[in-house]
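Trainee: Before I ask anything, let me first share the structure, which is written out below as structure tokens.
The values are calculated or read from the model by the stated rules, or taken from the named source; none is laboratory data. What you see is a predicted model, and the numbers here were worked out from it, not measured in a lab. With ideal geometry, Cβ positions are generated from the backbone for all residues, glycine too; neighbour counts draw on all protein chains shown.
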Amino acid sequence: GAPVTCRPADLLKPELAELEADVRRQAQEKGIQLAGNAIDDVLTVALFPQIGLKFLENRHNPAAFEPVPQAEA
């Protein structure tokens, strides 16, 4: 094949602004309050697309998560 003559990532279109708008829209639709610095929540959804919004929806609901392990005495 032909040699690579550019940085391949430069050929990708920027996606962060589009993802941020999508996360904000979904959060508003579902009544999810985003963090003060919304980029943290946007990155959570970017890294974990299947469960990111569900996590954000339940982040203040301890019953939605496994219990914290207790230290053995």
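Trainee: Restricting the range 10-33 to residues that are of a type in the set (A, V, I, L, M) and touching a helix residue (DSSP H, G or I) at 6+ places or on another chain (Cβ under 9 Å), which is farthest from residue 47 (Cα to Cα)?
Mentor: Filtering the range 10-33 for residues of a type in the set (A, V, I, L, M) gives 11-12, 16-17, 19, 21, 23, 27, 32.
Subset that is touching a helix residue (DSSP H, G or I) at 6+ places or on another chain (Cβ under 9 Å): 16, 19, 23, 27, 32.
On the way: 16: 12, 19: 11, 23: 13, 27: 17, 32: 18 Å.
Ranking the candidates gives 32 first.
Trainee: Condition test on residue 51, is it touching a helix residue (DSSP H, G or I) at 6+ places or on another chain (Cβ under 7 Å), over 18 Å from residue 18 (Cβ atoms) and among the β-branched types (Val, Ile, Thr)?
Mentor: Numbers: touching a helix residue (DSSP H, G or I) at 6+ places or on another chain (Cβ under 7 Å): no; over 18 Å from residue 18 (Cβ atoms): yes; among the β-branched types (Val, Ile, Thr): yes.
No, not satisfied.
Trainee: Here's something else I'd like to know. Report every pair of residues separated by at least 6 positions or lying on different chains whose Cβ atoms are under 7 Å apart, first residue within the range 37-64 and at negative phi and among the polar types (S, T, N, Q), second surrounded by 12 or more Cβ atoms within 10 Å (Cβ to Cβ) and in a helix (DSSP H, G or I).
Mentor: Pairs that qualify, where the first residue is at negative phi and among the polar types (S, T, N, Q) and the partner is surrounded by 12 or more Cβ atoms within 10 Å (Cβ to Cβ) and in a helix (DSSP H, G or I), are 44/52; 44/55; 44/56.
Trainee: Would you kindly identify the helices (runs of 4 or more DSSP H) lying entirely within the chain that contain at least 2 residues that are modelled with pLDDT of 95 or more and either β-branched (Val, Ile, Thr) or surrounded by fewer than 10 Cβ atoms within 10 Å (Cβ to Cβ) (or both)? Give the steps one after another, and end with the answer.
Mentor: Values: elements: 16-30, 38-47, 52-58.
Because the criterion is at least 2 residues that are modelled with pLDDT of 95 or more and either β-branched (Val, Ile, Thr) or surrounded by fewer than 10 Cβ atoms within 10 Å (Cβ to Cβ) (or both), the helices (runs of 4 or more DSSP H) in the chain that meet it are 16-30, 38-47.
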